[in-house]
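In what follows, a single structure is set out as structure tokens and then discussed.
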Amino acid sequence: MGNGIKLQILVPPTPLPASFYQPSVDFVAAKLLGHFLRRRAGGGTWAGGPLVECKAYLTNDPACRRFRRETFPNRSMNGPPVRAYFYQE
């Protein structure tokens, strides 16, 4: 966490089922808020934190990074559910 607090997770996280991601993107984005995003870090530890912002775009939305053209980094945006696209602003 950004405030210097270390969170120790004693039980490995359980991924959300694929069915969680089946409804429309705007519905799923709202449901993701408050869930934790975690990844395995070095030494078998976990790193991550709660989702506090989630953007939802349809492919035909001009604000979508995939709107103009597909690139290697954004290709997951047009794939099947349970894919993620991360970027730094």
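The values are calculated or read from the model by the stated rules, or taken from the named source; none is laboratory data. Since the structure is predicted, the reported quantities are computational estimates derived from the model, not experimental observations. In this analysis, Cβ positions are derived from the backbone assuming ideal geometry, glycine residues included, and neighbour counts consider all displayed protein chains. Side chains are part of the model used for accessible areas, which takes the heavy atoms of the whole protein and leaves out ligands, DNA and RNA. Shrake-Rupley method; radii C 1.70, N 1.55, O 1.52, S 1.80 Å.
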**Request:** Search region 14-31 for residues that are within 13 Å of residue 54 (Cβ to Cβ) and pair each with any residue that is at pLDDT below 85 and open to solvent by 70 Å² or more (accessible area, probe 1.4 Å) when their beta-carbon atoms are under 6 Å apart and the residues are at least 6 apart or on different chains.
**Result:** 21/82
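For region 16-25, what are the residues that are of a type outside the set (A, V, I, L, M, F, W, C), over 20 Å from residue 75 (Cβ atoms) and surrounded by 11 or more Cβ atoms within 10 Å (Cβ to Cβ)?
22, 23
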**Prompt:** Of all residues in region 50-67, which are under 20 Å from residue 22 (Cβ atoms) and either touching a residue at least 60 places away in the same chain (Cβ under 8 Å) or of a type in the set (A, V, I, L, M) (or both)?
**Reply:** 51, 56, 58
**Request:** Give the number of residues within region 31-62 that are open to solvent by less than 60 Å² (accessible area, probe 1.4 Å) and either of a type in the set (Ser, Thr, Tyr) or part of a loop (DSSP other than H, G, I, E, B) (or both).
**Result:** 6
